[in-house]
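Just below is one structure, and these are the notes that go with it.
The values are calculated or read from the model by the stated rules, or taken from the named source; none is laboratory data. Bear in mind the structure is a predicted one, so any value in this text is a computation, not a measurement. Ideal geometry is used to build each Cβ from the backbone, glycine not excepted, and the neighbour counts take in all protein chains shown. Only protein heavy atoms, including side chains, enter the accessible area calculation; ligands, DNA and RNA are left aside. Shrake-Rupley method; radii C 1.70, N 1.55, O 1.52, S 1.80 Å.
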Amino acid sequence: MERREFLLKALATLATSSLMLQSRSLWAMQGKSYAELFDNALKTQPILKGWQGLSNDIAPYSVAWEGKLPSELYGRRFFRNGPGLQCRAGERYEHWFDGDGFINQFTLGEQLTHQGRFVRTAKFEQESRAGHFLYNGAGSRVANARPIRSNETINTANTALLPLGNEILALWEAGAPYRLDSQSLETKGALSFSEALSGVPFSAHPHKDSQGFIWNFGDLSLLGYPGMMLYQLDAAGKLLKYHSIPVEAGYVHDFVVTDNYLVFYLPPIKLERAELYLESLKWQPNQGGRLLLVDKNSLTISREIHFEPGFVFHFGNGFEIKTDQRRQLVLSACWYPNADVMLKTMQHVADPEHLFSTDKAELCSIHIDLKGADARLVKSGLAFEFIQFDGRLSGQSGATHFGVSKQHGKVFNGLAAVSAGASSGVASNEPFGKQQYFGFGDAVVAEEPLFIPSAEHGGYLINTSLDYRAGQTHVNLFLAERLSDGPIARAALMQQLPLGFHGALI
């Protein structure tokens with residue numbers, strides 16, 4: 001099928017779906033709006049400050065560091081993206097993922113300078129002029145919603161970031177990236193890689209390989225088409241090649257790049273027509289999951305391996321093992337036993353008991369035997385999400401993984417570092433090595449840590465954290481190899497920020 005043909009058919013399906021009769025939400029049946037219930041719950045549940053949202057840009061200001069920032073980090077900039085705008089005209093999104101993208105920039109120096117701006121997507125601009133929400137989100141209904149004419153109609157650019165030259169791309173998994181000036185955060189418009197790819201999703205999780213190439217995918221099932229678009233870019237972001245492959249409609253968020261493969265996990269989620277996108281995803285564990293291996297050279301499917309049912313938002317590093325006895329891929333993943341975290345947990349966050357009732361992700365490794373065409377899951381027992389590693393080790397064994405974690409409580413309130421096992425993941429009984437942990441406290445939510453290489457030692461970790469009792473966000477800097485010692489420098493911001501997803505460094 002020609003690309004333009006399937007896009008037209010997919011967009012027609014979206015438009016038809018958006019005109020379906022709206023069902024009454026739980027909140028409407030209770031006689032209250034979701035916004036009212038959220039505001040009432042916030043009075044007794046301060047953790048909801050993380051989802052309260054913002055309504056305005058943040059002008060640049062500076063605050064002092066506690067501790068000492070290493071001089072080699074002066075001038076570095078740390079960015080974070082996430083759903084910032086959750087409420088307009090008294091109406092609030094019910095699903096966390098639907099908020100409009102807000103970019104925070106932190107410039108490191110003698111002081112920490114912070115500023116933040118909403119991404120001026122077409123959706124954001126149109127709804128700003130109207131003064132209220134116009135379209136349903138992926139998991140939220142709004143009053144008198146207009147038909148969704150294309151995926152770009154509801155592009156929120158709220159998930160991740162990709163620095164390219166003097167620009168930084170704000171990414172959303174179902175649409176085009178938005179170009180931002182990396183200094184001012186001014187929105188410069190949507191990026192089109194080519195006319196043939198207009199309207200085709202560019203995922204929020206591009207990855208660089210050991211040669212510096214950027215790889216990404218677009219899940220075409222987000223448009224109602226059973227397939228996946230694959231991309232290869234050079235280090236400057238120029239499109240080198242693209243190719244579509246047939247994949248049964250479902251849901252994929254992230255993937256792994258190794259020397260020879262792009263590896264995807266296809267969870268047992270089936271796509272059925274429904275008014276909201278997240279309502280269309282049906283968990284069917286009896287069908288099992290699948291590991292899809294794509295050849296990087298040809299961008300064609302190399303093999304598909306049946307795997308146990310589960311769900312993965314985020315992968316870490318992956319590498320290949322080649323010996324006379326074996327050919328193996330080893331992948332690090334934040335593994336969930338089911339998809340409740342996306343399909344249930346983040347819906348109606350005003351109910352904290354519901355919000356924290358599902359299983360947390362666990363750091364695991366997936367070992368794929370390329371000769372035997374089978375795979376196994378090895379668990380660490382450690383709660384772990386927003387996994388990161390030193391990008392210079394992409395595709396190599398021995399990388400330490402960093403992520404948010406917890407030792408007790410219901411939220412990820414700490415950071416963990418887990419080194420590779422003594423055999424770099426080859427032996428089944430030692431895929432994980434030394435662990436470090438730092439806890440921020442019971443009333444704190446930790447956010448994704450990013451690794452900063454150092455010319456003087458092993459490197460640094462930087463992240464943000466929300467103290468929801470105090471209503472304050474901090475920027476924290478650690479020595480990566482001494483995470484357990486706590487921050488060597490931290491700065492308290494002048495206002496609390498919404499919990500976000502992913503960041504980037506320049």
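Selection of region 195-226 for residues being small (Gly, Ala, Ser), under 28 Å from Arg149 (Cα atoms) and modelled with pLDDT of 95 or more yields Ser203, Ala204, Gly218. Just so you know, in region 393-421 the residues that are in contact with a helix residue (DSSP H, G or I) (Cβ under 9 Å, 6 or more places away or on another chain) and assigned to a loop (DSSP other than H, G, I, E, B) include one that is surrounded by the fewest Cβ atoms within 10 Å (Cβ to Cβ), and it is Lys410.
When region 112-140 is filtered for residues that are crowded, with 22+ Cβ neighbours inside 10 Å, over 21 Å from the mean Cα position of the chain (by Cα) and under 30 Å from Ala491 (Cα atoms), the ones remaining, listed by number, are Leu112, His114. Considering region 269-312, and only residues there that are of a type in the set (Lys, Arg) and part of a strand (DSSP E or B), the residue that is farthest from Asp359 (Cα to Cα) turns out to be Arg303. Candidates Asn338, Asn317, Asn286: the one that is surrounded by 19 or more Cβ atoms within 10 Å (Cβ to Cβ) and either touching a residue at least 12 places away in the same chain (Cβ under 8 Å) or in contact with a Lys or Arg (Cβ under 7 Å, 6 or more places away or on another chain) (or both) is Asn317. Does any residue of region 233-244 turn out to be open to solvent by less than 10 Å² (accessible area, probe 1.4 Å) and over 27 Å from Ser140 (Cβ atoms)? Yes, some residue in region 233-244 is open to solvent by less than 10 Å² (accessible area, probe 1.4 Å) and over 27 Å from Ser140 (Cβ atoms).
Would it be correct to say that Asn144 is assigned to a loop (DSSP other than H, G, I, E, B) and over 22 Å from the mean Cα position of the chain (by Cα)? Against the criterion (assigned to a loop (DSSP other than H, G, I, E, B) and over 22 Å from the mean Cα position of the chain (by Cα)), Asn144 qualifies. Considered as a group, the residues in region 422-458 that are at pLDDT below 95 and part of a strand (DSSP E or B) include one that is most open to solvent (accessible area, probe 1.4 Å), and that residue is Lys434. In the set (1) surrounded by fewer than 19 Cβ atoms within 10 Å (Cβ to Cβ); (2) out of contact with any Cys (no Cβ under 6 Å at 6 or more places or on another chain); (3) at negative phi, the condition left unmet by Lys379 is number (2). When only residues in region 313-344 that are charged (D, E, K, R) and in a strand (DSSP E or B) count, which is farthest from Lys379 (Cα to Cα)? The selected residue is Lys322.
Which members of region 372-392 meet the condition of being of a type in the set (A, V, I, L, M, F, W, C), part of a strand (DSSP E or B) and within 20 Å of Leu329 (Cβ to Cβ)?
Hits for region 372-392 are Ala375, Leu377, Val378, Ile387, Phe389.
Tallying residues that are under 14 Å from Thr156 (Cα atoms), open to solvent by less than 20 Å² (accessible area, probe 1.4 Å) and among the small types (Gly, Ala, Ser) within region 190-219 yields 2. Restricting region 56-97 to residues that are of a type in the set (Phe, Trp, Tyr) and in a loop (DSSP other than H, G, I, E, B), which is most open to solvent (accessible area, probe 1.4 Å)? Checked region 56-97; the qualifying residue most open to solvent (accessible area, probe 1.4 Å) is Tyr74.
Working only within region 199-219, note down all residues that are part of a loop (DSSP other than H, G, I, E, B) and either touching a helix residue (DSSP H, G or I) at 6+ places or on another chain (Cβ under 8 Å) or not polar (S, T, N, Q) (or both). Residues satisfying the conditions are Gly199, Val200, Pro201, Phe202, Ala204, His205, Pro206, Asp209, Gly212, Phe213. Of the residues Leu162, Leu240, the single one that is modelled with pLDDT of 95 or more, outside any loop (DSSP other than H, G, I, E, B) and more than 30 Å from Ser128 (Cα to Cα) is Leu240.
Among the numbered conditions (1) open to solvent by 30 Å² or more (accessible area, probe 1.4 Å); (2) touching a strand residue (DSSP E or B) at 6+ places or on another chain (Cβ under 6 Å), the only one that Asp100 does not meet is (1).
Please state which one of Ala416, Ala443 is more than 26 Å from Gln211 (Cβ to Cβ) and in contact with a Leu (Cβ under 7 Å, 6 or more places away or on another chain).
Result of the check over Ala416, Ala443: Ala416.
Just checking, does region 260-279 include any residue being open to solvent by 40 Å² or more (accessible area, probe 1.4 Å), within 17 Å of Phe217 (Cα to Cα) and touching a strand residue (DSSP E or B) at 6+ places or on another chain (Cβ under 7 Å)? For region 260-279, residues open to solvent by 40 Å² or more (accessible area, probe 1.4 Å), within 17 Å of Phe217 (Cα to Cα) and touching a strand residue (DSSP E or B) at 6+ places or on another chain (Cβ under 7 Å): present. Gln347 - would you say it is surrounded by 19 or more Cβ atoms within 10 Å (Cβ to Cβ) and within 30 Å of Ser33 (Cβ to Cβ)? Yes, satisfied. Which one is nearest to Ala174 (Cα to Cα), of the residues in region 122-136 that are in a loop (DSSP other than H, G, I, E, B) and in contact with a strand residue (DSSP E or B) (Cβ under 6 Å, 6 or more places away or on another chain)? Ranking the candidates gives Phe133 first.
Assuming Leu222 fulfils every condition listed in (1) open to solvent by 20 Å² or more (accessible area, probe 1.4 Å); (2) under 19 Å from Val330 (Cα atoms); (3) within 17 Å of the chain's Cα centre (by Cα) apart from one, which condition is it? Evaluating Leu222 over (1) open to solvent by 20 Å² or more (accessible area, probe 1.4 Å); (2) under 19 Å from Val330 (Cα atoms); (3) within 17 Å of the chain's Cα centre (by Cα) leaves (2) as the failure. A single member of Ala170, Ala157 is open to solvent by less than 10 Å² (accessible area, probe 1.4 Å), part of a loop (DSSP other than H, G, I, E, B) and either of a type in the set (A, V, I, L, M, F, W, C) or touching a strand residue (DSSP E or B) at 6+ places or on another chain (Cβ under 9 Å) (or both), and it is Ala157.
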